[in-house]
Structure formats: C-alpha cells, structure tokens
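What follows is a single structure, written as structure tokens, with notes after it.
Every number in this text was worked out from the coordinates using simple rules, so none of it is lab data. What you see is a predicted model; the values in this text were computed from it and never measured. Here the Cβ is made from the backbone with ideal geometry for all residues, glycine too, and neighbour counts use every protein chain on show.
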Amino acid sequence: MQGELLERFADTQTALIAALDAGDTEAMIAHTRDLGVITDALRTQGVLRADASTRSQLETLMKFNAAAAQRLRFLRDHVERRVAAIQGEQAVATYGGRVGRR
C-alpha cells in the first residue's frame with residue numbers, strides 16, 4: 001500500500017506540474033486536492049517515519065514538490081504583472097524588473 005501511495009503521489013505531482021505548465025486551472029485544482037488526499041493517507045500510515053528506502057523515495061518526491069512550487073511562484077508573478085499592466089500600475093516582479101506604467 002505504501003509503495004502504491006508513493007507512486008500515486010509521484011504521478012499526481014507530475015500531473016500537477018504539467019497542469020501548471022499548461023495553465024490548466026481546473027487540473028491544477030484537481031491535482032492539488034488529490035495530493036492532499038494522498039498526503040493524508042501517507043501520514044496516517046506513518047510513511048514519513050519509514051525505512052531508508054522510503055525516505056529516499058520521499059526525498060526524490062520533494063524535488064518534484066520544489067519544481068511545482070517554483071512554477072506556482074512563476075505563475076503568481078506572471079498574473080501579478082499582468083494585473084498591474086492592465087491597471088496601468090507598476091509592480092515589482094519576482095523574475096524581472098518593474099512592470100506597467102505610472
């Protein structure tokens with residue numbers, strides 16, 4: 001069961017990253033919800049206190065988590081810049097300089 005949950009976690013994180021890259025909001029929400037369910041199941045099973053092999057798998061999964069988080073920060077920055085540009089304001093972008101005009 002633990003191995004199956006870890007595989008589902010990896011597959012769902014990969015799907016979340018793909019949804020983030022594609023800008024598919026519905027898929028982002030669905031995969032985020034699924035990750036929450038899987039994470040709860042892993043916590044219930046005590047997988048976070050598992051053997052060295054499982055901890056190694058979790059470290060790999062954390063890299064996927066970091067990739068998803070980076071994409072979320074980029075997406076948030078992109079949206080904030082677009083909103084500022086629409087409003088004719090300046091915004092400090094995380095990944096660039098000021099955006100918009102005053």
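Before moving on, here are some points about what is shown:
- Modelled this way, with points 7 Å down the Cα-to-C-beta line, the labels at Gln45 and Thr32 are 2.5 nm from one another.
- Spin-label proximity, Thr54 to the stretch 8-27 - amide N less than 20 Å from point 7 Å beyond Cα toward beta carbon: 8-13
- Converting phi to 3J(HN,Hα) with the Karplus coefficients 6.51, -1.76 and 1.60 and the offset θ = phi - 60°, the stretch 5-17 yields 5, 5, 5, 4, 4, 4, 4, 5, 5, 4, 5, 5, 4 Hz in sequence order, with x at every glycine or proline.
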